[in-house]
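Have a look at the structure below, then the notes.
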Amino acid sequence: MSVGAEFFKGIYKENPVFRLALGLCPTLAVSTSITNAIGMGAAVIFVLVASNTLVSFLMWLFAKTLSEEGLNSINKIRIPIFIVVIASFVTIVEMVMAAYFPALSESLGIFIPLIVVNCIILGRAEGFASKNGIFLSIVDGLGMGIGFTLALVAISFVRELLGSGQLLGAMIMGEGFKPVLLMILPPGAFLVIGLYLAGLNWIDARKKQA
Amino acid sequence: MEYGVFQLIILSIFINNFVLSRFLGLCPYMGVSKQMDSALGMGMAVTFVMTIASLVTWLLYTFFLAPTYQNVFYFIFDTPIQNVPDLTFLRTIVFILVIAALVQFIEMYIQKVSPTLYKALGIYLPLITTNCAILGVAVLNIDMFFKDGLPLPNSFINTLVQAFASGIGFTLVLVLMAGIREKLELANVPKPFRGLPIAFIVAGLMSIAFLGFAGFSVE
Amino acid sequence: MNNIFRLSFILAIVTTIAAFVLAEIYQITRPQIEIQKQAKTKDALKYVLPDAQVIVPVTQKVPVKDKAGNVLYEKEVVRYYIGYRNSDTTGVVGYAFKAFGSGYSSIIETMVSVDTSGTIKKIRIISQKETPGLGARCVEDQPVNPKKKQWTTQQFVGKTVDQLKVDKDGGPIVSITGATITSRAITNSIREKLSELLPQLKLASTENIGG
């Protein structure tokens with residue numbers, strides 16, 4: 001596959017949220033406003049690219065330096081090593097956010113440490129980065145991360161607009177608009193993602209017919 | 001904020017339900033809710049691991065990570081309390097490793113001791129490591145029952161109660177969802193909605209129903 | 001078995017390296033995190049006491065005890081702040097204090113200022129994690145629709161300690177729609193803290209009576 005295809009697959013064809021249904025918890029939890037969505041997206045992009053890079057580098061290093069036998073035993077503790085790598089990057093994000101973006105850090109709350117168990121990240125480390133070169137792994141991480149962010153923004157766009165009449169914190173709807181509170185509350189998240197998925201299914205079905 | 005045990009149970013099961021209001025553990029909620037049996041098995045496995053993981057992470061946090069007078073450096077090595085290292089920033093990495101190891105041990109232990117239980121829970125255990133409900137409850141306990149690294153009154157009991165009750169809340173909605181989805185199999189759902197989309201819509205409706213509990217004052 | 005130990009050893013090394021890297025980054029970010037924590041209090045103080053040149057905390061030493069009751073060390077805790085008009089700490093313009101209330105899903109921290117007669121000058125919600133769209137609207141300081149009677153933090157201005165009750169409890173404070181618990185938590189926490197502190201504040205009116 002070409003570099004471009006590796007990048008764009010994460011955005012539409014293999015979008016982690018809409019196509020693979022991965023990383024649902026943070027997607028639904030933090031999509032109450034676009035600001036939160038972008039903050040979460042940025043954190044995930046950083047962790048994804050950084051862990052993909054390091055995992056890919058480590059695997060390359062192991063393959064270069066270790067004997068067949070050593071490589072086999074390393075393979076047994078491959079996953080724990082990935083988890084340590086990911087958890088370290090997540091902790092870095094946690095600390096940097098608390099230090100420089102305190103408001104964002106407060107509104108994302110426990111979903112920052114929970115990036116560790118976001119299946120997208122371990123999934124890409126194991127499924128892609130451990131088998132591919134550093135450059136492609138970065139591209140893959142970027143594509144998947146941006147795809148995740150776009151999905152988050154798409155969901156939070158609807159929820160913020162209908163739920164509070166605002167976009168990026170600025171009032172958009174006119175005076176007479178009564179916010180649909182439900183959208184910002186938990187049920188809104190489930191309903192919006194359900195409708196998005198159904199919409200995508202419908203588009204796919206139409207494409208197949210055409 | 002001080003909680004009574006009963007308050008905490010109601011809060012964790014209904015008002016702040018892990019799945020429908022906190023958005024934790026969605027992957028198994030969507031993935032393992034197609035059949036009643038597997039939903040029940042998964043729910044029980046999650047409740048079990050959540051309680052054990054909360055116990056272990058609480059002990060680790062209090063005795064090793066947080067700079068309190070319970071820290072091993074203070075009461076074994078006699079370090080002055082001001083010099084006890086503050087390792088709370090290692091929380092995430094320590095917790096996830098411990099949970100991963102714990103799940104492995106529990107799996108091996110159950111396999112040896114009770115093959116029947118292993119048959120019931122075994123296949124769900126490996127999935128649990130990356131279930132955010134487990135790490136979620138561990139982190140939440142620290143957020144709620146510690147302030148500035150110091151345990152609040154009753155934090156140990158509260159931690160166990162919250163973990164167990166949250167697990168029960170998770171099992172409850174998982175089983176409810178499985179019941180609905182078994183019926184949905186027979187329903188004539190519009191084509192684009194089949195599969196995941198309708199599951200999300202159902203979850204949304206359930207979440208609206210659970211919102212009704214939010215009107216309760218638990219004081 | 002030997003293999004398991006070797007693998008655990010490798011994993012331990014990897015984890016130790018990670019821990020050292022994180023410790024290094026923690027050292028760099030910690031001062032900034034502390035600054036951010038204090039900045040919130042500072043901002044809130046400036047907001048509730050805008051006419052004060054100098055704001056001085058009044059502290060009290062609180063002993064930290066272990067379970068057996070032995071005093072481990074003493075911790076300095078801020079009880080309230082005094083705002084002075086002049087930079088040489090003369091001319092008290094008012095006092096400020098923090099109130100903590102248990103809301104619906106979080107502890108709500110409020111900074112409150114009172115003038116020298118004990119009536120509220122201004123309040124600001126410092127931190128809360130209430131339900132978005134419901135309780136989280138407690139931070140609003142301007143009415144969204146000026147024609148309707150609704151919750152704003154402005155409505156606390158000029159209230160005295162006996163007036164701090166929400167409408168559901170028969171007081172003048174308009175609660176947030178659908179979030180009575182949040183409104184009550186804030187109002188009651190301010191009332192309790194204020195009535196606790198009132199005897200300690202050197203209020204102008206009592207001074208006059210005394211003099």
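We did not get these values from a lab; they are worked out from the coordinates using the rules stated. On a predicted model such as this, the values are computed, not experimentally measured, just so you know. Reconstructed Cβ throughout: ideal geometry from the backbone, glycine too, with neighbour counts over all protein chains shown.
Structure notes:
- Cα centroid separation - segment A:119-197 against segment B:26-46, whole Å: 25
- ³J(HN,Hα), Karplus 6.51/-1.76/1.60, whole Hz, each residue of segment A:190-195, x for Gly, Pro: 4, 5, 5, 5, x, 5
- Amide hydrogen neighbours beyond the local backbone of C:VAL93, cut-off 5 Å, H modeled: C:GLY83, C:TYR84, C:ARG85
- Each residue in B:ARG181, C:ARG6 was given a count of other beta-carbon atoms within 10 angstrom of its own, and listing them fewest first yields C:ARG6, B:ARG181.
- Cα-based Rg / Dmax (Å) for chain C: 23.0, 86
- Cα-centred dipole magnitude for segment A:3-209, charges only on beta-carbon of K, R (+1) and D, E (-1), debye, nearest 20: 520
- Surrounding net charge for B:GLU182, when Lys and Arg each add one and Asp and Glu each subtract one, Cβ distance under 11 Å: +1
- With the biggest extent put first, the Cα atoms of segment B:5-212 measure 69, 42, 30 Å across the principal axes.
- Inter-part distance where segment B:88-143 and segment B:170-219 are each reduced to a Cα centre, Å: 26
- Database remark: amide H of C:VAL64 closer than 5 angstrom to the amide H of C:LEU72, C:TYR73, C:GLU74, C:LYS75 (H placed geometrically; neighbours at sequence offset of 5 or more, or on other chains; Pro and chain starts carry no H).
- Between 0 and 90°, nearest 10: helix C:180-197 axis offset from chain C longest Cα axis: 80
- Taking the number of Cβ atoms within 10 Å of each Cβ as an exposure proxy, the fewest-first ranking of A:TRP60, C:TRP151 is A:TRP60, C:TRP151.
- Chain A - mean residue ellipticity at 222 nm from DSSP helices (-39,500 (n - 2.57) per run, n ≥ 4, rounded to 500): -23000 deg cm²/dmol
- With the helix formula -39500 (n - 2.57) applied to DSSP H stretches of n ≥ 4, chain C reaches a computed 222 nm mean residue ellipticity of -12000 deg cm²/dmol.
- Segment A:77-167 shape via C-alpha gyration tensor axes, a/c threshold 1.5: oblate
- Note on A:LYS13: lysines with a C-alpha under 21 Å away, same-chain residues under 8 apart excluded, are A:LYS131, A:LYS207, A:LYS208, B:LYS191.
- Counted by Cβ distance under 15 Å from B:LEU205, the other residues give a net charge of +2, where Lys and Arg count +1 and Asp and Glu count -1.
- Formal net charge of residues neighbouring C:GLY170 (Cβ-Cβ distance under 15 Å; K, R +1; D, E -1): +2
- Cross-link pairs exceeding 27 Å between alpha carbons, from the set C:LYS129/C:LYS193; A:LYS9/B:LYS183; A:LYS9/A:LYS178: A:LYS9/B:LYS183; A:LYS9/A:LYS178.
- With the charge dipole of segment A:3-209 set up from +1 on Lys and Arg Cβ and -1 on Asp and Glu Cβ about the Cα centre, the Cα lying farthest toward the positive end among the listed residues A:LEU197, A:LEU114, A:PHE89 is that of A:LEU197.
- Shielding of A:64-73 by partner chains, average beta-carbon count, 10 Å: 1
- Tensor-based shape of segment B:110-219 (alpha-carbon gyration tensor, a/c under 1.5 rounded, otherwise prolate or oblate): oblate
- Across the cross-link table entries A:LYS76/B:LYS119; C:LYS46/C:LYS121; C:LYS98/C:LYS159; C:LYS147/C:LYS168, which are compared at the Cα atoms, the separations over 19 Å belong to A:LYS76/B:LYS119; C:LYS147/C:LYS168.
- 222 nm mean residue ellipticity, helices alone, for chain B (DSSP H n ≥ 4; -39,500 (n - 2.57); rounded to 500): -19500 deg cm²/dmol
- Once you reduce segment A:11-87 and segment C:35-67 to the center of their Cα atoms, the two points are 41 Å from each other.
- Amide H contacts of C:ILE107: C:LYS129, each under 5 Å away and 5 or more positions distant or on a separate chain (H built 1.01 Å from N in the peptide plane; Pro and chain starts excluded).
- Couplings 3J(HN,Hα) of segment C:93-108, computed from phi: 9, x, 10, 9, 8, 9, 10, 10, x, 7, x, 6, 9, 6, 8, 9 Hz, in residue order, whole Hz [Karplus 6.51 cos²θ - 1.76 cosθ + 1.60, θ = phi - 60°; x for Gly and Pro].
- The eigenvalues of the Cα gyration tensor, multiplied by 5 and square-rooted, give segment C:4-66 an equivalent ellipsoid with semi-axes of 45, 18, 8 Å from largest to smallest.
- Calculated diffusion of segment A:3-209, Stokes-Einstein form, Kirkwood radius summed over Cα pairs, 20 °C and 1.002 mPa s, µm²/s: 118
- Taking trypsin sites (Lys or Arg not before Pro) in DSSP loop conformation with at most 14 other Cβ atoms inside 10 Å as exposed sites, chain A has its longest uninterrupted site-free stretch at A:14-130.
- Of all aspartates and glutamates in the structure, the ones whose alpha carbon falls short of 17 Å from that of C:LYS202, not counting any fewer than 8 places away in one chain, are C:ASP115.
- For A:CYS119, B:CYS132, order by how many other beta-carbon atoms lie within 10 Å, fewest first: A:CYS119, B:CYS132
- The mean number of partner chain beta-carbon atoms within 10 angstrom of a residue's beta-carbon across peptide A:84-96 is 6.
- Given in Å, the Rg to one decimal and the Dmax to the nearest whole number for the Cα atoms of the protein assembly as shown are 26.6, 93.
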